[in-house]
Each structure stands twice: as structure tokens, then as C-alpha cells.
Amino acid sequence: MREVRVIDETGAQLGILGIREALQMAEERGLDLVEVAPNAVPPVCRMLDYGKFRYEQSKKEREARKNQKQVELKELRLKPKTDDHDLNVKANQARRFLLSGDKVKFTVRFRGREMAHPDIGREMLEQMMENLADIAVVEQKPLMEGRAISLMLAPNPKALKAAQQAAQKAQQAAQAQSGKGQAASAAPAAVADDEDDVDLDADLDDDIDDDIDDEDEGKLRRAAKCCRPRKGVASSAIVPSACGGPTARCFPPRQPIAATWKSLCPTV
């Protein structure tokens, strides 16, 4: 009878059991017996819910496909007469493509009598290999194909991982800096609001003071008017008024008279 090593649903090893005994034990627990290591001696089987296991596996595969980047092939074309400055520009473009995870293909095309000097194109491609050796690996060495010579470069996994980590750190630092900037901009806005409130209160107080001053000025004018003696009235007929001035036209004010009124209404 064939024997297998059995692992239960919690990960604990139950030892080496016969297949019938292992199947009976899994059935009693309401689980399935799944062979997870067929090449081991003896084979390893595990008790689990097979439907749930397949669902989790498919979910993991979908997540892996979702996070996986589709690798593209970027082609950069050159000519034997390409200047050194243009070569540097092409090298920088290739570096950007490689750091983003794409492959790069350099192609040097020859026309007419340029076919007599294929070594020029080969030297250009070798220069590209040297410039990008820190982030790329050679997938295809310079190869002559008809009237063109091509070179294939692939991103270096270590350099690509380091570049991705550096990009993540830079992004996190930028987010933290933007958060600090928003907090700093919010503080002056609050101070400005407080200053506006203070200015509004000061303006309101000034308006109230102006109203009070206008009211006091009106009262002073009325007091000065009432303190003038009427024509044709003798001094003996002047009746003392409540404002303290000798006039027959004075009437008692509704409110107490301020001290400044007395200066306008001299007593007899």
C-alpha cells in the first residue's frame, strides 16, 4: 500500500500514513487531501478545502498580473554621420527607457557608399554599450542585418530595483514636503483671519465712537443754543435752567449734562 506524508489544515505534520487512512481522516474533517509535493519521498499531501485553495491561487495570479509591467522594445535609430552630441542625447533617452523597465534596440543604417565602412557603426554601438554598462546588460551583441547593424540592451535587474527604490523615496519625500507646505500655508491664513477679525472689531469700535461723538456734538450745539438769552428779556427775568445757564429758553435735558456743557453755559 502506498504511503504519504500528511499535513493537516493547521500545518502540523501527522506523520506517514497510508493513502486510505489519510483519505478517511480528511473526509472526517470535511476537507480534501491534496498532493502538494509529488516528487518528495514519500509524497507530501495536505488537508485543505480545495475550492478555497483554487480561489486563493487564482486571486494571487490576478494580483501578480496586475502588478506586472508589460516590457516594451524601444528602438533608437542612428546613422554613421551622427554627431557626438546626438549620440549623448540618444544615450540619455536609452537610459530613461532602461530605468523604466523597457528594452532598447540601437540600429545603425547605412546608405550607398556608407556600406563600405561598417566599422563606424560598430564603434558607435560599442560606445553605447560602454555608456550604459552601469544599468544595462547586452542581450544581443552588434549584429549586421542587411544594410543595418543592431544592438539589443536589457535593463539590469539590480540597477532597475535600486532606481525604483530611489524613485519611491523621492516620491515620499515630495509628499512629506508638500504636507509641510500646506500646513505652513494654513497657519498664515489663520493669522490673517484673526487680523481681519481684529480690524473688523477696531472698525466697529471706531464707528461706535464716531456715532457717540456725533451725538455729543449735537447735544453741545443744543446746549449752546439754549444758553443764548432771548432778545427783549431782562436779566432779572432770566430763569436759571437745568444746564446751569441764565436763559428763559432753556429746558431741562433728558440726560445728565456733561461737564463740557458747563463751559458753554456760564452761571450768573
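The values are calculated or read from the model by the stated rules, or taken from the named source; none is laboratory data. For clarity, every value in this text was computed on a predicted model and none was experimentally measured. So basically every Cβ, Gly included, is an ideal-geometry build from the backbone, and we count neighbours across all protein chains shown. Just so you know, the surface numbers come from the protein's heavy atoms only, side chains and all, with ligands and any DNA or RNA stripped out. Shrake-Rupley method; radii C 1.70, N 1.55, O 1.52, S 1.80 Å.
Enter the Cα centre distance for the pair the range 14-40 and the range 49-119, rounded to the nearest angstrom.
Using only Cα atoms, the two centres lie 48 Å from each other.
Would you mind telling me the antiparallel percentage of the DSSP bridges in the range 36-161, rounded to 5?
Antiparallel bridges: around 70 percent, rounded to the nearest 5.
In whole Å and largest first, what semi-axes does the C-alpha gyration tensor of the range 133-174 yield when each eigenvalue is scaled by 5 and square-rooted?
Working from the Cα gyration tensor, I get semi-axes of 33, 10, 5 Å.
Roughly speaking, what % of Cα-Cα pairs in the range 39-113 are separated by over 13 Å, rounded to a whole number?
Cα-Cα pairs of the range 39-113 separated by over 13 Å account for 78 percent.
With a 1.4 Å probe and every protein chain left in place, work out the accessible area per residue of the range 33-87 in Å², rounded to a whole number.
Accessible surface, normalised per residue, equals 81 Å².
Between ARG29 and GLU75, what is the label-to-label distance in nm when each label sits 7 Å out along the Cα-to-Cβ direction?
5.8 nm
So which trypsin sites (Lys or Arg not before Pro) in the range 67-130 pass both tests, a DSSP loop state and at most 14 other Cβ atoms within 10 Å of the Cβ?
LYS69, LYS81, ARG111
Once the principal axes of the Cα atoms of the range 1-160 are found, what is the range along each, listed largest first in whole angstroms?
Projected onto the principal axes, the Cα atoms of the range 1-160 cover 82, 29, 25 Å.
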